[in-house]
Each structure stands twice: as C-alpha cells, then as structure tokens.
Amino acid sequence: MRTYEIATIPGDGIGVDVTVEARKVLDAAAAQHGFALRWTEFDYSCERYSATGAMMPEDGVAKLAGFDSILLGAVGFPGVPDHVSLWGLLIPLRRAFSQYVNLRPVRLLPGTTSVLANRTADELEMVIVRENSEGEYSTLGGRHNAGQPGEFVLQESVFTRVGVERIIRYSFELARTRSKRVCSATKSNGIIHTMPFWDEIFELVAAEYADVAAEQCHIDALAARMVQHPDRLDVIVASNLFGDILSDLAAAVTGGLGMAPSGNINPERTHPSMFEAVHGSAPDIAGKGIANPVAQILAATMMLDHLGEVEAARSVNAAVEKVLEEGRVATPDLGGKATTEQLGTAIAEAL
Ligand code: NAD
Ligand code: IPM
Ligand code: MN
C-alpha cells in the first residue's frame, strides 16, 4: 500500500485541537482511497520550552528532515515571549527546509457568509503567495543607547535577487493555472530600497509572461480594495510581512480565520513541505473545544495534493463544502454551537 511518513507538531493552544481533527479526516480519506499515513508526533511547543528551556531539541530540525511532509498546529502561547517561540520553532523550520513559498488560498465556501454583503463563492477567491524565507523577518539590527533619551532600534530587511525572483516567478506560474492575473503588493512610494528593487524584478519576470496580466499595487490601496472590490483579485504576491498581513485580511473577507489554510512549500522537493492553518494558537478560546477545525483540515488537503493524492484531497474538500452547506454542525465562529470535535467528525463522516 502507498504509505506516507508524516511528522505532526500539534504545538500550542487550539493548534492541538484542530490537528487531532485534521488527522481524523485524513485517516478516513486515506482508508477510502487506498493509501496509509504513518504519523509521528513531535512535542515541540511552548509547553516543552517551559519544561526544558527549548522549543525543540538541538537536533529538532534533523529529526524532521526525512519525512514526506509536516503537519503543524500553531506555535506561541502567553508566558513565552512570541519572538522566543516563533524564532525557536516555526521560522527556523521554514528556513531550514527552504519552504520559501507560503501559499495561502482563500475562497468563500458555500454555506459560509462573508462580512462583505452579497458576495458569492465565485467572487471571493484569491491566493496570497507570500515570500517565506527573508524580507522583513530578519535578525539584523539592534537596540542602541538603551535607556538614554536618544534610544532607538534598527530592524534591517533582506531582499535577495534570488529570493525575490523565485517567489515572483512562482506566482506567475501559479497564475497560468488560474485566472492569469498577478498583483504584486509593494510600498515603493515609502520604502525606498527594498520595494523598488522588488518592483524592478517583478517587471523583468512579468515581461517573460506575456499571457499573464501583471499589476503593481500599493499595499495600502490594495488593503482597501480587498475589502471593497476583491472580485478582480486572484494571485497576489507579496513580501514576508506584507503577505502575512494580507493573508489574515483575505481570510477575514472569506469567512474568517477559522477557514484559511496555508502551505509552507519547498517547490524543489529537496526538503519536506509543512502545512498549517493561517491562524495562530488563539489563547482566547484555547481549552474550550470550540475552535473551527476547517482551516487545518483544508491545510491537510493541501498536504494531500502535495503528496500527489489529488483525488483524496478533492473528496475532503467536497466533504468540507457539504457539511458547511448543510450548516447543521457549525462552530461558534460560523454561527453555530458545535464543538471542534463535532465538526471534525461530521466532515470525516461526510466523506
Ligand atoms: P490567532 O490567529 O491565534 O487569533 C486571532 C483571533 O482569531 C482570536 O480571536 C481567535 O480566537 C480567532 N481564531 C483563530 N483561529 C480560530 C479558529 N480556528 N476558530 C475560531 N476562531 C479562531 O492570532 P493571535 O491572537 O494574534 O496570536 C496568538 C498566538 O499565536 C501568538 O502567540 C502568535 O504569535 C501565534 N501565531 C502563530 C501562528 C503559527 O503558528 N503559524 C500564526 C499566527 C499566530
Ligand atoms: C503566520 C504567523 C507567523 C508569521 C508569526 C506567528 C511569526 O503570523 O504564520 O502567519 O508571521 O509568519
Ligand atoms: Mn500571520
């Protein structure tokens, strides 16, 4: 039987609850489609940090390297500073495995309502292609004149030609399989070194894709457009920080953070890719059993697609749509009273 080795890191807060449901649904899909998923669970988390002083062991990255894919819950919890937990786990994994594409598709699913009135599924479908390995997420910089009246901090961004070009090229290739439109989000009117450099590379790559409509947008105006006129948007390519912000905004207009999946992709497949929801550990609802597991289940279907189990991915997506459309089992964020476990089970049973 086809068998895939999957590493799972449930992590913190609701990451744990939604990952249990995603595993349940994937196991049901695997049984139906004649393959097996062999799960190995890793305890990398804030809880582990509190007990041992490290989010993961010293060979934590090496332990994951041989897996076919990684399914991650969420990382970060009150009590451990976010820069410690995220730079101790999530960000090093994305970089070590050269997962330089963070693919974040959103779509208004049937049965789901948007904060934007009278929109249908066809009008609200976008994908954020977020640069995931450099840019504004950098350790360069520091604090100067600490405690003095002239105290200041510097944070340097790093944009490499290779890094910018490959993410832009990826977005054009993706656009060819979709609407043939790419919008690049920058702030070249305000950020004078990095963003004009990005624009310059965008223009060079765009010239090679005459069949794709290329558009350069200022991110501030794009944010407004995503709320007021999202219908003309499809593939949006952005830097690490801008892509991060736009992906939560895109999630919000298509049903909320409980609905938005994400794949940290290593396109060359020299390392495992890692799948997770866009959302975080949601400390405000952690332990209540009411988190919406759909985002994590859709992230798991992105993983199935990546593994080549396209039919199984399609069945899970259809099961999600069926359950949402019926609307009988819905978590509070979707206007219902169901628990995380009940919604996960309903999706597994709808398969
Ligand atoms: P968050 O995404 O965890 O939560 C934002 C809001 O959305 C909260 O009100 C939360 O209850 C709600 N929400 C999120 N997911 C939901 C779901 N599945 N169902 C229902 N409601 C949901 O963002 P935050 O509060 O800014 O961050 C909390 C922690 O998570 C922080 O430590 C942050 O650094 C971390 N974080 C981690 C990741 C990751 O691991 N990739 C992503 C984002 C944030
Ligand atoms: C995400 C998260 C992370 C990011 C944080 C928690 C470091 O917001 O995955 O979207 O910005 O990449
Ligand atoms: Mn984010």
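Just so it is clear, none of the values below were taken in a lab; they were calculated from the coordinates. This one's a predicted model, so the numbers in the text were calculated from it and none came from an experiment. Using ideal geometry, Cβ is built from the backbone for each residue, glycine included, and neighbour counts are taken over all protein chains shown.
Between ASN145 and LEU241, the FRET efficiency estimated from the beta carbon spacing at R0 = 35 angstrom works out to 0.85. Can you give the translational diffusion coefficient of region 125-253 in µm²/s, computed by Stokes-Einstein from the Kirkwood radius over Cα pairs at 37 °C and 0.692 mPa s? Stokes-Einstein gives a translational diffusion coefficient of 212 µm²/s. Remark: the ALA210-SER179 segment gains 9.8 nm on full extension, using 0.36 nm per residue and subtracting the alpha carbon distance. For region 262-307, the C-alpha radius of gyration sits at 1.36 times the compact-globule guess of 2.2 N^0.38 Å, with N the residue count.
Taking other Cβ atoms within 10 Å as a rough exposure proxy, ASP122, ASP231 sort from fewest to most as ASP122, ASP231.
Excluding same-chain neighbours fewer than eight residues apart, the aspartates and glutamates reachable from LYS180 by a Cα-Cα span under 12 Å are ASP211, GLU215, ASP234.
For region 261-313, the list of GluC sites (Glu not before Pro) that fall in a loop by DSSP and count at most 15 other C-beta atoms within 10 angstrom reads GLU268.
With a cut-off of 10 Å between beta carbons, the residues surrounding LYS180 carry a summed charge of +1, where Lys and Arg count +1 and Asp and Glu -1.
What is the order of ARG95, ARG269, fewest Cβ neighbours within 10 Å to most?
ARG269, ARG95
Cross-link partners among lysines for LYS337, C-alpha distance below 20 Å, same-chain residues fewer than 8 apart left out? Excluding near neighbours in sequence, the set is LYS288, LYS322.
From the largest down, region 28-100 spans 43, 24, 20 angstrom on the principal axes of its Cα atoms. Its Cα gyration tensor gives region 149-194 an equivalent ellipsoid. The semi-axes, each the square root of 5 times an eigenvalue, are 32, 12, 8 Å from largest down.
Counting pairwise Cα distances across the chain, what percent come out greater than 25 angstrom?
Percentage above 25 Å: 54.
Across region 125-253, C-alpha contacts under 8 Å between residues 6 or more apart give a mean separation that, scaled by the residue count, equals a relative contact order of 38 percent. Annotation note: GluC sites (Glu not before Pro) in region 1-75 located in DSSP loop regions with a Cβ neighbour count of at most 13 within 10 Å are GLU58.
Each of HIS83, HIS279 was scored by other Cβ atoms within 10 Å of its Cβ. Listed from fewest to most, they are HIS83, HIS279. At full extension, GLU156 and HIS229 could sit 22.9 nm farther apart than now, given 0.36 nm per residue minus the alpha carbon distance. Using the Cβ-Cβ distance between SER138 and ASP59 with R0 set to 25 Å, the FRET efficiency from 1/(1 + (r/R0)^6) comes to roughly 0.50.
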